[in-house]
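Structure first, commentary second.
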Amino acid sequence: MAPQPPTSSGYNTPDSQLESIVPVHPTSARRPDYITVQSENTVYTPDHITSKFFNRGADVIVSDGQFTVTPTSKPYEFQTTRKVGKTGLMMIGLGGNNGSTLCATILANKHQISWHTKDGIQQPNYIGSVLRASTVRLGSDPATGKEVHVPISDVLPMVHPDDLVLGGWDISGIPMDQAMKRARVLEYDLQRQVAPHMAALGSPLPSIYYPDFIAANQEARADNVVPGADKQAHLEHIRADIRRFKKDNALDRVIVFWTANTERYSDIIPGVNDTADNVLAAIKNSHSEVSPSTLFAVAAILEGEPFVNGAPQNTFVPGVIALSEREKSFIGGDDLKSGQTKLKSVLAEFLVNAGIKPLSIASYNHLGNNDGHNLSAEPQFKSKEISKSSVVDDMVDANRLLYKPPQPGAKGKAAKGEHPDHIVVIKYVPAVGDSKRAIDEYYSEIFCGGRQTINIFNECEDSLLATPLILDLTILTELLTRVKYRAAAETGEQKDFAPLYPVLSLLSYMCKAPLVKPGTDVVNSLGRQRNALESFLKACIGLEGSSDLLLETRIW
């Protein structure tokens, strides 16, 4: 007999019966590997998926106002390990809003804990996760001509969020069930039911606390810190924590993730943090410009585990990037792109691509959670302002019909060329809690000197938008550690497969200020970032990227 719906009130339904009433949400469901590509470009073995891919582009030579275009095509092979290893997620800031919310929602999904709300029974899910809750087009059904879409998480073998082993550090030592309560993000009935599972996680490990890097208003929370001021000793302490967590839980991989307070920017000082050896020496000498996040990043790199920065500060000083290259250890970031900035990367692109010229973009935010409290200090706000302000740069650079290009010999701001006035304001308003308010005004020039103003008011629960992105970044990072590549041999000599470049720029879709290979242009356009991710995942199974040409519908 099919499960019956709850009674009219639903109040008396025992918690133990909710699972039978509410089915597993599609975003949380487990599915077998069911995509098989039948092509000479794709080979399946029990251990690997190996694919051939042609990276198509064009070389453009500009001379005297003339453009000479030569199409290019370079063959590559990708090899993806099919087995998903047991994966741990160690968060710095485990007891904060994002960390406690992520742990609670994973546990709710894992144990299928449904809860009562004023609107009825709510089932756990992973809505908001790009990988778990959005789809990609594979092609068309030859019988009907209809397009066929599958969840992105099904294109290649990926870790299921429920299987992540959770742990990490926090400067606040309260147990995880109490941290969840303090955050005031989740519904009471969910908190009530998931509390025993959260309590089983215990308290976060002691973290690193350097008061100069975060707001002074965070000092009252700092009761769980690694003692002393010796940064080399702190580095060894964190490395030992990672090794112990990996061993105790029999893990194949640990993703180390910064979701703690935003730090102030670190000064880039020649001889201190500009090379791999210098940054290691700076740690050994306990230099004042070595931030906690940089220390955690270095610890993860030296342990050979990926590190992702979910905050806007410049964790990845040049020496850290150089160290990741030397150790061939993966890094990615920066700053979770969850609300206002994500919308801005879409709307600004829409306006510019429509031939409309944004003259100014003014963004105002206020929120009342601990992130807002920390950002009320000027040095920490400056980190966030820098992260949020660069989001339209590549779109402006792509259209010099609307914006004047940099002039020869220009200095200072003019060196970037013409650019919209862009202002970002963040205020701390305790009363609104985690419910952030974001207000944007887009003031643009239109036809023949006309003007257009678009105003947007966005109210969102900050942590419930951010935490699914932590999942996406963790899952995608783990996958990318299992993907290797080689350029297809043009001679009889076959090269060995090699890991991807350590800076994981494919994480850009989820990041406000994407970290990219040094010397590479940053792409902020959300559409281009999404297309790059889809195209890469398809390339790993031997498929071409998405085409919206739909030629078959445009010819006889």
### Message
Looking at the stretch 273-315 only, could you name the residues that are surrounded by fewer than 19 Cβ atoms within 10 Å (Cβ to Cβ) and touching a Lys or Arg at 6+ places or on another chain (Cβ under 7 Å)?
### Response
Ser286, Leu302
### Task
Would you list the strands (runs of 3 or more DSSP E) that sit entirely within the stretch 293-371 and hold 3 or more residues that are within 20 Å of the chain's Cα centre (by Cα)?
307-309, 331-333
#### Entry: Test for Leu359: is it at pLDDT 90 or above and over 30 Å from Asp277 (Cα atoms)
yes
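Looking only at the stretch 125-180, count how many residues are hydroxyl-bearing (Ser, Thr, Tyr) and either open to solvent by 30 Å² or more (accessible area, probe 1.4 Å) or closer than 30 Å to Ala222 by Cβ (or both). Working first, answer last.
From the stretch 125-180, those hydroxyl-bearing (Ser, Thr, Tyr) are 126, 129, 134-135, 140, 144, 153, 172; that's our starting set.
When the remaining residues are screened for being either open to solvent by 30 Å² or more (accessible area, probe 1.4 Å) or closer than 30 Å to Ala222 by Cβ (or both), the result is 135, 140, 144, 172.
Residues meeting the conditions: 4.
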### Query
Within the stretch 220-248, how many residues turn out to be open to solvent by 80 Å² or more (accessible area, probe 1.4 Å) and under 14 Å from Pro206 (Cβ atoms)?
3
### Summary
Reported set for the stretch 187-208 where residues are outside any strand (DSSP E or B), under 24 Å from Ala299 (Cα atoms) and either open to solvent by less than 30 Å² (accessible area, probe 1.4 Å) or modelled with pLDDT under 95 (or both) is Gly202, Pro204, Ile208
### Query
Quick check: is even one residue across the stretch 98-120 more than 30 Å from Leu235 (Cβ to Cβ), free of Cβ contacts under 8 Å to residues at least 24 places away in the same chain and part of a strand (DSSP E or B)?
no
### Query
without any contact (Cβ under 8 Å) to a residue 60 or more places away in the chain, open to solvent by less than 10 Å² (accessible area, probe 1.4 Å), closer than 24 Å to Leu480 by Cβ and touching a helix residue (DSSP H, G or I) at 6+ places or on another chain (Cβ under 9 Å): does that describe Ile255?
no
### Message
I'd like to verify a number: residues in the stretch 136-174 that are touching a helix residue (DSSP H, G or I) at 6+ places or on another chain (Cβ under 6 Å) and not hydrophobic (A, V, I, L, M, F, W, C), how many?
### Response
5
### Message
I'd like the full set of residues that are modelled with pLDDT of 85 or more and among the polar types (S, T, N, Q), limited to the stretch 421-457.
### Response
Ser444, Gln452, Thr453, Asn455
## Note on the structure
Here the residues within the stretch 111-122 that are surrounded by fewer than 18 Cβ atoms within 10 Å (Cβ to Cβ) and not polar (S, T, N, Q) are His111, Lys118, Asp119, Gly120, Ile121
## Note on the structure
Over the stretch 422-466, the set of residues assigned to a strand (DSSP E or B), open to solvent by 60 Å² or more (accessible area, probe 1.4 Å) and under 30 Å from Leu102 (Cα atoms) is Lys427, Tyr428, Ile439, Phe457, Glu459, Glu461
### Message
Suppose the filter is open to solvent by 10 Å² or more (accessible area, probe 1.4 Å) and touching an Asp or Glu at 6+ places or on another chain (Cβ under 6 Å); does Pro318 pass it?
### Response
yes
### Task
Determine, yes or no, whether Gly85 is out of contact with any Phe, Trp or Tyr (no Cβ under 7 Å at 6 or more places or on another chain) and at pLDDT 95 or above.
yes
### Query
Considering only residues of the stretch 516-532 that are aliphatic (A, V, I, L, M) and out of contact with any strand residue (DSSP E or B) (no Cβ under 9 Å at 6 or more places or on another chain), which is surrounded by the fewest Cβ atoms within 10 Å (Cβ to Cβ)?
Val522
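Looking at the stretch 25-92, what strands (runs of 3 or more DSSP E) fall wholly within it and have at least 2 residues that are free of Cβ contacts under 8 Å to residues at least 24 places away in the same chain, touching a helix residue (DSSP H, G or I) at 6+ places or on another chain (Cβ under 6 Å) and surrounded by 11 or more Cβ atoms within 10 Å (Cβ to Cβ)? Lay out the reasoning, then the answer.
Details: elements: 42-44, 48-63, 66-81, 87-92.
So the answer is none; nothing clears 2.
Can you tell me which residue in the stretch 209-226 is nearest to His237 (Cα to Cα), limited to those that are hydrophobic (A, V, I, L, M, F, W, C) and assigned to a helix (DSSP H, G or I)? Quick ask: steps written out before the conclusion?
In the first step, residues of the stretch 209-226 are kept if they are hydrophobic (A, V, I, L, M, F, W, C); the result is 213-216, 220, 222, 225-226.
Narrowing the set further to residues that are assigned to a helix (DSSP H, G or I) leaves 213, 216, 220.
Working: Phe213: 20, Ala216: 25, Ala220: 23 Å.
Among those residues, the one meeting the criterion is Phe213.
The values are calculated or read from the model by the stated rules, or taken from the named source; none is laboratory data. What you are looking at is a predicted structure, and each value in this text was computed from that prediction instead of being measured. Counting neighbours? That spans all protein chains shown, and the Cβs are built from the backbone with ideal geometry, glycine included. Heavy atoms of the whole protein, side chains included, go into the accessibility calculation; ligands, DNA and RNA do not. Shrake-Rupley method; radii C 1.70, N 1.55, O 1.52, S 1.80 Å.
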